[in-house]
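Here is the structure we will look at, set down as structure tokens.
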Amino acid sequence: SRDNLITLTALLKNNFPEAELLSSVSPSEGIELAVKNKPDVIVVDYVMPAMNGIEVCKKLKADPETAVSPVILITASDTTPEIRAMAFESGADAFITKPVDEIELAAQMKAMLRIKSSEDLLRLNNRLLENNLAISNANLQRKENNYSSLFNSINDIVIIHDLEGSILEINRSGFEYFGLKEEDVIGKSVLNFFNYQSVTDISSNIMNMSSMDRKIIETSIKNAKGDIVPVEVSSRLVEFNNDYAILSVFRDVK
């Protein structure tokens, strides 16, 4: 009733003199006010015309504009446990029973304000983290694009493989030189691309490297035409995807 609303407003104003209070005797109008003003706490009576407090609470929690506002439901002293359970399920955060006690009202309101303040800070931190993550991802994507552009602009064949010899990456010149596609190369042993006669040398000089020193060997590879071509291979140990790998640059010595 309007009289109860006036009394409740007076109690709140007495305990929170700096607060802006908005009220309505209409559930639908109250919801509109909440959506427009995004209050820190919403107080809803259980018994109202048109819809009850639980229905109002469901609507408030279903709307992103008001879902973050804690809701205190005012109920009669004889409210059943079933109704209270339904209220909690609908999103109510606390209860006050009639007749409203000023001390209890102030305590509940302060508790809800603390919850709202903490959750607002948490949401702000989450947004900052999301923004920082988006910036980091954009920077990472830019670096990856720059790396890919640089990696594929090298005229010599460049192969990165793990310490067991499985190829992790190969540049565009490598695909063109061997006449192969990505699925034919990635994950395959690097030894598949050397002349069979030199497998022992490759294994001992490249795959068993244990320092960051550059190793240079001469061997041969088979090009896209099937020709055996002499190459100089410059290899060194590098960090790749948080692990060690070997980067080898093949230069056609012809």
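Given R0 = 41 Å, the distance between the Cβ atoms of residue 184 and residue 135 translates into a calculated FRET efficiency of 0.65.
Taking amide H as placed 1.01 Å from N in the peptide plane, the amide H of residue 43 sits under 5 Å from that of 72, each at least 5 places away or on another chain.
The Cβ shell under 13 Å around residue 252 holds other residues with a net charge of -1, Lys and Arg each +1, Asp and Glu each -1.
The mean sequence distance of close C-alpha pairs (under 8 Å, at least 6 residues apart), as a share of the length of the chain, puts its relative contact order at 11 percent.
Paramagnetic label reach from residue 110 (point 7 Å along Cα→Cβ; backbone nitrogen cut-off under 16 Å): within the range 1-31, residues 12-19. Scalar couplings 3J(HN,Hα) for the range 238-247, obtained by applying the Karplus form with A = 6.51, B = -1.76, C = 1.60 to θ = phi - 60°, are 9, 8, 9, 6, 6, 8, 8, 8, 10, 9 Hz; x denotes Gly and Pro.
Calculate, for the range 58-106, the solvent-accessible area per residue in square angstrom, rolling a 1.4 angstrom probe over the heavy atoms of the protein chains.
On the way: 2560 Å² over 49 residues.
On a per-residue basis, 52 Å².
For the chain, which whole-number percentage of the solvent-accessible area (1.4 Å probe, protein heavy atoms only) is attributable to carbon and sulfur atoms? Walk me through the intermediate numbers first.
Working: 8100 of 15740 Å².
That fraction is 51 percent.
A cut-off of 5 Å between modelled amide H atoms, ignoring neighbours fewer than 5 places along the same chain, links residue 96 with 73, 74, 75.
Averaging the Cα positions of each part gives two centres, and for the range 37-78 and the range 1-32 these lie 13 Å apart. Dividing the helix sum by the residues of the chain, where each DSSP H run of 4 or more adds -39500 (n - 2.57), gives a mean residue ellipticity at 222 nm of -14000 deg cm²/dmol. A 1.4 Å probe run over the protein chains yields, for the range 1-54, 65 Å² of accessible area per residue, whole-number rounding. Seen from every direction in turn and averaged, the convex hull around the alpha carbons of the chain projects onto 22.8 nm². The Cβ shell under 12 Å around residue 33 holds other residues with a net charge of -2, Lys and Arg each +1, Asp and Glu each -1. Counting charges near residue 88 (Lys, Arg +1; Asp, Glu -1) among other residues having Cβ under 15 Å from its Cβ returns a value of -1.
The values are calculated or read from the model by the stated rules, or taken from the named source; none is laboratory data. Values in this document were obtained by computation on a predicted structure and should not be read as measured data. Quick reminder, even Gly has a Cβ in these numbers, built from the backbone with ideal geometry, and neighbours come from all protein chains shown. With ligands, DNA and RNA removed, areas are computed over all heavy atoms of the protein, side chains included. Shrake-Rupley method; radii C 1.70, N 1.55, O 1.52, S 1.80 Å.
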